[in-house]
1. Below 8 Å between Cα atoms, with a sequence gap of 6+, how large is the relative contact order for the range 285-376 in percent?
2. Describe numerically, in nm with one decimal, the distance between label points set 7 Å from Cα along Cα→Cβ at A285 and at N335.
3. Residue separation times 0.36 nm, minus the C-alpha to C-alpha distance between Q231 and E109: what's the value?
4. Tell me the Kirkwood hydrodynamic radius of the range 256-316 in angstroms, computed as one over the mean inverse distance between distinct C-alpha pairs.
5. Label-point separation (nm) for Q224 and D42, each offset 7 Å from Cα along Cα-to-Cβ?
6. Which whole number in µm²/s is D for the range 1-119 by Stokes-Einstein, with the Kirkwood Rh taken over Cα pairs at 37 °C and 0.692 mPa s?
7. Which chymotrypsin sites (Phe, Trp or Tyr not before Pro) in the range 192-251 sit in a loop by DSSP (not H, G, I, E or B) and have at most 15 other Cβ atoms within 10 Å of their own Cβ?
8. Roughly how far apart, in whole Å, are the Cα centres of the range 110-189 and the range 207-270?
Amino acid sequence: MLTAPQFTSFNPPRRILMGPGPSDVYPQVLAAQAKPTIGHLDPLFIGMMDELKQLLQYAFQTTNPMTIAVSAPGSAGMETCFVNLVEPGEKVIVCRNGVFGERMRQNVERCGGVAVCVDNAWGEPVSPEQVEDTLKQHPDARFLAFVHAETSTGALSDAKALCALATQYDCISIVDAVTSLGGVELRVDEWGIDAIYSGSQKCLSCVPGLSPVSFSEKAVAKIQQRKRPVQSWFLDQSLVMAYWSGQGKRSYHHTAPVNSLYALHEALRLLATEGLEHAWQRHRAMHQLLAKGLTSLGLEFVVAEPYRLPQLNSVYIPAGADDVRLRSTLLNEYNLEIGAGLGELSGRAWRLGLMGYGARRENVALCIQALSEQLA
Ligand code: PLP
């Protein structure tokens, strides 16, 4: 017998999360998650799931019936799109301008697909001109995959223009909206997005661990025409939909994360109450306030102004500042988490998140005050 370890309950401090995610969770969302667990096939739970689906459709601005929350984080949403859609030998144009575009390429190759990469420098948006040239050179491409809001740099790409190109060249678009959903304009149906995934822990300000996903009719038709079953049993949408379809009786696929789904329902309910356009505007207003403060401290943005994400502000670390020491001082003395640079920007930039509930005036003020004291 191993000896039973004796620990006290874990009591996390109340931090202010201004990094790349997870973001500050709404108190109402934390309260929703603490409600009693009921069965995931309980009629009352199923009623909540029907509402949840409508709330997801609102957040994505889509009427796609295949709109669900995958029971796992954003990476599983990404994988859900690739494993269901891409079959061996199929060509996918993958746009890379940061960490997450490169992850898309890895997903394509693990599905046996052929990735053709369109590269843009870190900090720049995806270039629609380069994408169009590549689409012309590869008329056999079946998909166009890109990241709407690149969290590793803070760059926003033009999803509307890129999806229009996908449609024009008869490709299925696969869009990463992990950081964009709820924080910047995103219109799935109007922009003709075919497959999209997000995460619960960014601008939705929900607990981490769920991934909203939506497939258009065109994407669903592609899945239905597959020659072989999806290699992942868990992520196979044709099986998952037995639980999520809402048509008739829902049947067991896997045990739904009941309490996390209460949390997502509440986070999306709050978003719908605020109104999407108001939420987008609030993120923009708080970003402008933060940018003004950062500029007055002499900090320089990684991304040029027209492409800056309001919800993820990357600034270069000024000469002489100690990256690790400053971030740990903010954490320990101000209870404030900011993000380190990732990949090419590791040790060179900080990433300041203003996501969902975190996009508030008092957070901006605290962040500017802490940085001005510590950089003085
Ligand atoms: N895509 C983007 C743009 C992200 O920012 C992230 C996470 O930060 C992911 C995908 C992966 O999501 P998760 O960490 O929830 O698995």
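1. Numbers: 100 pairs, mean separation 30.7, N = 92.
The normalised contact order for the range 285-376 reaches 33 percent.
2. 2.5
3. Details: separation 122, 0.36 × 122 = 43.92 nm, distance 1.33 nm.
Full extension from Q231 to E109 adds 42.6 nm.
4. Averaging 1/r across every pair of different Cα atoms and inverting gives 13.7 Å.
5. My value for the distance between the label points is 3.5 nm.
6. Numbers: Rh = 18.6 Å.
The estimated diffusion coefficient comes to 176 µm²/s.
7. Numbers: sites: Y197, F215, W233, F234, Y243, W244; in loops: W233, F234.
Answer in residue order: W233.
8. 23
Each value in this text was obtained by applying a stated rule to the coordinates, not by laboratory testing. Predicted model, so just to flag it, every value in this text is computed and none were measured. Cβ sites come from the backbone with ideal geometry, for glycine too, and all protein chains shown count toward neighbours.
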